[in-house]
Amino acid sequence: MHIVICIKQVPDSAQIRVHPVTNTIMRQGVPTIINPYDLFALEEALKLRDAHGGEVTVLSMGPPMAEDALRKALGYGADRAVLLTDRYFAGSDTLATSFALSQAIAKIGETFGTPDIVFTGKQTIDGDTAQVGPGIAQRLDLLQLTYVAKIASIDFAAREIQVERRSEGGTQVLKSRLPCLITMLEGTNEIRRGSLQDAMGAARSHVLKWNAAEAGIEDLTKCGLRGSPTVVKRVFAPTPRAEKAAQIDTAEKTLRDVAEELIAAILARQPALEHELAFNNGA
Amino acid sequence: MSTANPPRPAAGRAGIKKELPERFKDYRHVWVFIELERGQVHPVSFELLGEGRKLADKLGVQLASVVLGPPGEATWYAVAEAFAYGADLVYIVEAPLLADYRNEPFTKAMTDLVDTHKPEILLLGATTLGRDLAGSVATTLQTGLTADCTELDVDADGSLAATRPTFGGSLLCTIYTLNYRPQMATVRPRVMPMPQRADKPVGRVIQHKVSLAEDEIVTKVLSFLPDSQSAEANLAYADVVVAGGLGLGAAENLQLVKNLARTIGAEHGCSRPLVQKGWMPADRQIGQTGKTIRPKLYIAAGISGAIQHRVGVEGADLIVAINTDPNAPIFDFAHIGIVTDAIRFLPALTEAFTRRLSPHSRDKLAS
Ligand SMILES: Cc1cc2nc3c(=O)[nH]c(=O)nc-3n(C[C@H](O)[C@H](O)[C@H](O)COP(=O)(O)OP(=O)(O)OC[C@H]3O[C@@H](n4cnc5c(N)ncnc54)[C@H](O)[C@@H]3O)c2cc1C
């Protein structure tokens, strides 16, 4: 059994600052992390490996420093790591990214055995698109199971899988076939702490670094900026609202008075609400 | 997973529009996918029709809807609703295997329709269904797709300008798909206002046949478990929302938010840290990675107003903020602010509303 999981190294966006004058992202000193959603997928992959045997290969596309993220994944217990890195990939949008990753997955399949499952996280915290997973599935002609909250059962011999998939207003229980691509929802499992043995192994183990040619990519026009149909024309900060909130003064007033003043202020601005609130209240 | 490199400011190639390749020259009209699942049209489809109308008018083209569903009343009801919300024509694919959403048949039906009827713009809701479908349709068609847009426009040469938050909402970027067709975008529910519903006579329907056979579709839907607390699904569409943040200090204090919400018939929500702490379920989270809301009244108690929260509530008509810190960023976009302890103030506000709303107390006061 072979599982490939795609992870991305992302800036810890909670700590990102925007330059006040140039409106660009200030990256200096911003720590990087494994995209948090990918960790749920990684944990799921490792659980399956532990239960059924086989191997887990982690794959990432990014600059050379993305090796750190892969080492972390090895520290959690992944068996092998591949970093797809080449200047030709710079500026890839989701279509170009899914192209490069799908080519690398095909190469991983040829080299180490065809994957039974390809995992990704639901989305990344920097791009937020949720498009790369479906893109990879489409390119590799894999069945796609997105927003998976739970793998209910899996039968590697019969090539069958059952999952619970989050959808609008409920959960779909789906039966499908292997191989497939799964995008994992957040909060689906408890992420393990890597064992000391894994951590030591990770420090020693080798991260395979592939450039475009090594990943078997011949058509470079499908990579990077050239292979990206979408172009970013403008990046800007949201416009601040002109005036600040009108303050209700609380000094020397009882809370009761402040509350009544607030209700009066709300209804002065939105008279229709009086009816609405009363109506909602069933009064 | 997402782009390998974050979007950069306009430079070099990004500004270049080439001559559109010959094969795309007859791509015309704006399409909106009508999300129909389990007999229900998702309201985001109507919000998109409102926006699609504006784009189509600017381009001087028609606004079309795509309805994919099983043969029957619900599917035709969706067609009628699409007209009522502004579609000029509707493409419909009816097949029993389109009853429950599955990626394979929906992707097949949609790509087939696009290849046959060639739209220049295709819009879908950024729901779980819409994002699942849009990703594989765009890859199959080898075209650009911009996710989770908050603003759509067409520029002087008729290209779709799709604006979306990036870096967790700290910045916005405007994205174009210049040399490929269709130009695809998904838009989150509640970002666009609901358009006026008109009782328009039924328009033109184009029925499309797709060769789909159930035994060719590998994935099967075994069952569907609806959300037990159906109210949870209503947060995005509630007229009044009360939300609590980390400033409430303890899980127990969320009861104060729920009490106020119940008193005024509102839905309750929260900021993200409360979900991370397990104080509230994830579908109550409001903001960039939670729900976008568009209520007539939003009351935020103990919420700082970080950009990721702000983008989820900006569409509210009236924002009231209760926060102990006079410099909290929420006061930069709230309409009415009160600098006070929410834990003490919420009960007082609940009581004041009770007095105001209860007809009995009103009678008593009058007598
Ligand atoms: C990728 C990403 C996505 C995110 N998505 C979301 C999202 O969807 N939604 C979201 O909300 N956040 C999101 N966040 C988190 C966001 O950046 C903030 O951390 C979060 O909104 C802060 O929540 P808060 O205001 O409740 O808490 P805090 O920032 O801790 O603020 C608490 C506020 O309460 C006030 N306060 C303290 N005590 C009291 C009191 N007794 N009475 C009244 N006020 C009091 C304080 O002055 C303070 O302003 C995201 C972050 C990232 C990085």
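Values quoted throughout were computed directly from the atomic coordinates according to the rules given, and no laboratory measurement underlies them. Note that the coordinates shown come from a computational prediction; the quantities given were computed from them, not determined experimentally. All Cβ positions, even for glycine, are placed from backbone atoms using ideal geometry, and neighbour counts span all protein chains on display.
Mean separation of Cα pairs under 8 Å and 6 or more residues apart, divided by the residue count, gives chain B a relative contact order of 13 percent.
Given R₀ = 60 Å, FRET efficiency for A:Gln197-B:Asn327 by Cβ-Cβ distance, to 0.05?
So the FRET efficiency works out to roughly 0.75.
Between B:Asn234 and A:His275, the FRET efficiency estimated from the beta carbon spacing at R0 = 25 angstrom works out to 0.80. Residues whose amide H comes within less than 5 Å of that of B:Leu172, counting only those at least five positions distant or on another chain, are A:Phe236, A:Ala237, B:Thr166 (H built at 1.01 Å from N in the peptide plane).
Normalised radius of gyration for chain A, please: alpha carbon Rg relative to 2.2 N^0.38 Å, two decimal places.
The value comes to 1.29.
Here is how the number arises for the protein assembly as shown: DSSP H runs of 4 or more residues each give -39500 (n - 2.57), the sum is divided by the residue count, and the result at 222 nm is -9000 deg cm²/dmol. With angles folded into 0 to 90 degrees, how steeply does helix A:67-76 sit against the dominant principal axis of chain A? Use alpha carbons for both and round to 10. Roughly 80 degrees between the two axes. Distance from the C-alpha centroid of segment B:241-298 to that of segment B:48-73: 34 Å, rounded to the whole angstrom. The distance linking segment A:249-263 with segment A:116-157 is 53 Å (Cα centroid to Cα centroid, whole angstrom).
Sort B:348-357, A:219-228 by packing, meaning the average of other beta carbons within 10 Å per residue, with the highest value first.
Packing order, densest peptide first, comes out as B:348-357, A:219-228.
Taking the alpha carbon gyration tensor of segment A:64-186, multiplying each eigenvalue by 5 and rooting it gives semi-axes of 25, 18, 15 Å, largest first.
How many percent of Cα pairs in segment B:50-108 exceed 16 Å? Result: 48 percent of Cα pairs exceed 16 Å. In this simple spin-label model, placing a label point 7 Å from the Cα along the Cα-to-Cβ direction at both A:Asp249 and A:His206 gives a separation of 7.6 nm.
Averaged over peptide B:210-223, the number of partner chain Cβ atoms lying within 10 Å of each residue's Cβ comes to 3. In terms of surrounding Cβ atoms within a 10 Å radius of their Cβ, B:Val205, A:Val58, A:Val82, B:Val275 rank from fewest to most as B:Val205, B:Val275, A:Val82, A:Val58. Looking at segment B:4-157, the DSSP beta bridges with both ends there are about 10 percent antiparallel. The charge dipole of segment B:244-352, taken about the Cα centre with unit charges on the Cβ atoms of Lys, Arg (+1) and Asp, Glu (-1), comes to about 260 debye, rounded to the nearest 20. Rounded to the nearest Hz, the phi-derived 3J(HN,Hα) couplings of segment B:28-40 under the Karplus curve 6.51 cos²θ - 1.76 cosθ + 1.60 (θ = phi - 60°) are 9, 6, 9, 10, 10, 7, 8, 7, 10, 9, 6, x, 10, where x marks glycine and proline.
Stretching the chain fully between B:Ala74 and B:Arg38 yields a gain of 12.1 nm (0.36 nm per residue, less the alpha carbon separation). A viscosity of 1.567 mPa s and a temperature of 4 °C, combined with the Kirkwood radius over Cα pairs in Stokes-Einstein, give a translational diffusion coefficient for segment B:134-290 of 65 µm²/s. Between B:Ile330, B:Leu63, B:Ala301, the Cα set farthest toward the positive side of the dipole of the protein assembly as shown (charges on each charged residue's Cβ, about the Cα centre) is that of B:Ile330. Rounded to whole numbers, the Karplus 3J(HN,Hα) couplings from phi for segment B:186-199 are 10, 10, 5, x, 6, 6, 9, x, 6, x, 5, 8, 10, 7 Hz, using 6.51 cos²θ - 1.76 cosθ + 1.60 with θ = phi - 60°, and x at Gly and Pro. Taking amide H atoms as placed 1.01 Å from N in the peptide plane, the amide H of A:Leu59 lies under 5 Å from those of A:Ile5, A:Cys6, A:Ile7, A:Val82, each 5 or more residues away in sequence or on another chain.
Working from the Cα coordinates of the protein assembly as shown, the gyration tensor eigenvalues give, after taking √(5λ), semi-axes of 41, 30, 25 Å in decreasing order. Residue order for B:Glu47, A:Glu110, A:Glu160, A:Glu55, fewest other beta carbons within 10 angstrom first, comes to A:Glu110, A:Glu160, A:Glu55, B:Glu47. Evaluated with a Cβ-only charge set (Lys, Arg +1; Asp, Glu -1), chain B carries a dipole of roughly 700 debye about its Cα centre, given to the nearest 20.
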